[in-house]
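The values are calculated or read from the model by the stated rules, or taken from the named source; none is laboratory data. Model, not experiment: these values are computed from the prediction. Glycine also receives a Cβ, built like all others from the backbone with ideal geometry; neighbour counts cover every protein chain displayed. Only protein heavy atoms, including side chains, enter the accessible area calculation; ligands, DNA and RNA are left aside. Shrake-Rupley method; radii C 1.70, N 1.55, O 1.52, S 1.80 Å.
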Amino acid sequence: MIKSVTIEGFKSFGSPAKTVALERLNFIVGANASGKTNFVSALKFIQLSLLHGLDFTVNNEFGGCRETRNRLLRERGEQKPCCFRLRLRNLNQEFNIQETTFTLKDAAYLLKADLRSDDSNPVVISEDFKAHLVNSRGEELTYSIVRTLEQVNVHDPTHPNVKDRIESVPPEEKAKLSVASGYFGRPAILFRQLVAGWTFFNISSQLAREPAREIPGMELGGTGANLAAVLHEIEKHDGGDVMKQVIASLRGAVPQVRDIKPVRSDLEGKWSFQIVEDRIRALNPISVSDGTIRLLTLLVAAYWAARNSSLVVIEEPENNLHPHLNEQLVATFRAIAENRQIIVTTHNPGFLDYLEPQELLLCERDKETTFTNLIQASSRENIDLFRRKYSLGDLWVQGVLGGIPQ
């Protein structure tokens with residue numbers, strides 16, 4: 001899981017760098033434009049840069065250097081790179097080399113990117129990746145990749161008879177991340193796979209309703225697209241266990257629900273679905289409420305789409321849902337967080353009543369600098385004293401915790 005994320009110079013995050021500590025379950029609350037989405041965007045930025053390179057990520061996904069770099073720092077002319085640091089712990093990823101088993105325990109990654117010019121492509125200034133390994137003999141080892149503008153230095157103790165490697169960085173590789181290359185060893189490959197597995201959801205009920213064509217390996221889209229085809233995939237390959245979980249959780253919120261049936265259209269060859277309720281024939285998605293569709297999609301994301309993910313990010317799950325579902329949703333997310341990390345962004349104070357202070361991140365903009373800060377509620381002074389009389393939701397609404405409009 002991610003122990004902490006440090007961000008500097010990216011969107012609303014300024015300088016000096018801000019470090020955000022994370023738990024297995026994390027709810028981020030804050031006013032509009034406080035930076036909640038920018039924190040999620042920073043995680044997407046790291047993921048996309050590892051998968052596709054810095055150039056593609058900045059220019060194709062983030063609108064260029066001008067839109068990616070902190071605007072105030074740019075206007076001041078401060079010549080600082082954008083920096084991203086990840087600290088990961090308890091990874092416990094095993095791999096074998098020859099007859100030795102290695103376990104990747106912890107890792108740390110630092111990326112510095114030059115996004116100062118609006119007229120040229122972004123450049124990787126430096127990377128620093130370190131992985132803590134333990135071999136089958138109980139020996140602790142450190143694997144590392146250190147990259148500068150000109151060269152990459154790799155220290156790989158999984159091959160004890162091989163000297164450290166020094167490779168030059170060709171001009172065409174200036175915007176590609178070295179740690180993303182499988183050429184530099186298994187720990188780097190495992191790190192890339194972990195980050196590639198992060199999933200992000202911002203559900204649209206309308207898109208979730210749409211019929212979908214079955215494609216092998218199809219996953220639930222970040223907006224809820226392909227829901228119908230994924231429901232069919234669950235029915236076909238899971239043996240019913242996940243579908244039973246989804247239906248049971250959906251019935252907890254909508255008691256009249258009895259079943260969910262994937263349905264294939266012979267005319268278009270696409271999959272849709274029906275929701276069966278008490279004393280009512282099966283309902284097509286167009287006749288089902290936005291809240292029920294959204295909750296169904298969230299449950300499929302939680303129980304199925306996230307099964308291979310180390311991190312699941314869900315934005316504003318409360319949209320279209322009744323407040324009486326707050327406790328159930330938090331309980332669902334907490335159960336899933338036993339096996340993977342969960343980050344939820346929200347404006348809903350009702351969720352906070354079912355959280356522990358260390359699970360709540362308060363997002364706000366500094367009055368003087370306008371830069372985004374995120375801190376855990378557990379670090380607020382006298383938080384335990386306040387909680388004797390008030391819930392976390394009450395304390396947030398009253399402004400005691402921060403993270404609300406000023």
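Looking only at segment 173-184, decide whether some residue is among the acidic types (D, E) and either assigned to a strand (DSSP E or B) or modelled with pLDDT of 90 or more (or both).
To start, the set of residues in segment 173-184 that are among the acidic types (D, E) comprises 173.
Going one step further and asking which of them are either assigned to a strand (DSSP E or B) or modelled with pLDDT of 90 or more (or both), we end up with none.
No - not one qualifying residue is present in segment 173-184.
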Quiz prompt | Qualifying positions in segment 250-265 - assigned to a strand (DSSP E or B) and out of contact with any Leu (no Cβ under 6 Å at 6 or more places or on another chain) | solution = R258, D259, I260, K261, V263, R264
Quiz item: Where residues in segment 145-180 are of a type in the set (S, T, N, Q) and surrounded by fewer than 18 Cβ atoms within 10 Å (Cβ to Cβ), which of them is nearest to A107 (Cα to Cα)?
Solution: N153
Exercise. Output yes when any residue across segment 293-302 is open to solvent by 20 Å² or more (accessible area, probe 1.4 Å) and either under 22 Å from G221 (Cα atoms) or more than 17 Å from the chain's Cα centre (by Cα) (or both), and no when none is.
Key: no
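Residue by residue, here is whether (1) open to solvent by 50 Å² or more (accessible area, probe 1.4 Å); (2) out of contact with any Leu (no Cβ under 8 Å at 6 or more places or on another chain); (3) part of a loop (DSSP other than H, G, I, E, B); (4) not charged (D, E, K, R) holds:
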position: F45; (1), (2), (3), (4): no, yes, no, yes
position: S49; (1), (2), (3), (4): no, no, no, yes
position: L73; (1), (2), (3), (4): no, yes, no, yes
position: R116; (1), (2), (3), (4): yes, yes, yes, no
position: A131; (1), (2), (3), (4): no, no, no, yes
Quiz prompt | Failed condition for R66, given (1) assigned to a helix (DSSP H, G or I); (2) within 21 Å of L311 (Cα to Cα); (3) open to solvent by 50 Å² or more (accessible area, probe 1.4 Å) | solution = (2)
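Do the conditions hold for T57, that is, is it in contact with a Ser or Thr (Cβ under 7 Å, 6 or more places away or on another chain) and in a helix (DSSP H, G or I)?
Answer is yes for this residue.
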Practice problem: Only residues that are aliphatic (A, V, I, L, M), in contact with a strand residue (DSSP E or B) (Cβ under 8 Å, 6 or more places away or on another chain) and farther than 14 Å from F39 by Cα: list them for segment 353-391, please. | Solution: L355, L360, A377
Quiz item: Just one of A21, A107 is surrounded by fewer than 20 Cβ atoms within 10 Å (Cβ to Cβ) and small (G, A, S); which is it?
Solution: A21
Practice problem: Identify all residues within segment 200-232 that are farther than 22 Å from P317 by Cβ and either among the β-branched types (V, I, T) or modelled with pLDDT under 90 (or both); write none if there are none. | Solution: E214, I215, P216, G217, M218
Quiz item: Pick from segment 76-105 the residues that are assigned to a strand (DSSP E or B) and free of Cβ contacts under 8 Å to residues at least 60 places away in the same chain: which of them is nearest to the chain's Cα centre (by Cα)?
Solution: K105
Quiz item: Just checking, which of L227, L250, L207 is open to solvent by 60 Å² or more (accessible area, probe 1.4 Å), in contact with a Ser or Thr (Cβ under 8 Å, 6 or more places away or on another chain) and farther than 30 Å from G182 by Cα?
Solution: L207
Quiz item: I247 fails exactly one of the following numbered conditions: (1) outside any loop (DSSP other than H, G, I, E, B); (2) within 14 Å of A306 (Cα to Cα). What is the number of that condition?
Solution: (2)
Quiz item: Counting residues that are of a type outside the set (G, A, S), within 21 Å of F200 (Cα to Cα) and modelled with pLDDT of 90 or more, which helices (runs of 4 or more DSSP H) fully inside segment 312-406 reach at least 2?
Solution: 326-336
Practice problem: Give the number of residues within segment 30-40 that are part of a helix (DSSP H, G or I) and open to solvent by 20 Å² or more (accessible area, probe 1.4 Å). | Solution: 2
Quiz item: With N326, N308, N319 as the choices, which residue is polar (S, T, N, Q), open to solvent by 10 Å² or more (accessible area, probe 1.4 Å) and within 14 Å of the chain's Cα centre (by Cα)?
Solution: N308
Quiz item: Mind checking which residues of segment 221-244 are in contact (Cβ under 8 Å) with a residue 60 or more places away in the chain and touching a Phe, Trp or Tyr at 6+ places or on another chain (Cβ under 7 Å)?
Solution: V230, L231, I234, V242
Self-check item: Selection from segment 266-311 of residues that are of a type outside the set (G, A, S) and part of a strand (DSSP E or B)
Solution: K270, W271, F273, Q274, I275, V276, E277, I280, R281, L283, L311
Self-check item: Pairs where the first residue, in segment 162-175, is at negative phi and the second is among the charged types (D, E, K, R) and assigned to a loop (DSSP other than H, G, I, E, B), C-beta under 8 Å, 6+ apart
Solution: V162/D156; D164/D156; R165/D156; S168/E150; V169/E150
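Does F191 satisfy the criteria of being closer than 22 Å to N326 by Cα, open to solvent by less than 20 Å² (accessible area, probe 1.4 Å) and either within 27 Å of the chain's Cα centre (by Cα) or basic (K, R) (or both)? Spell out how you get there, then give the answer.
Details: closer than 22 Å to N326 by Cα: no; open to solvent by less than 20 Å² (accessible area, probe 1.4 Å): yes; either within 27 Å of the chain's Cα centre (by Cα) or basic (K, R) (or both): yes.
No; evaluated as a whole, the condition is false for this residue.
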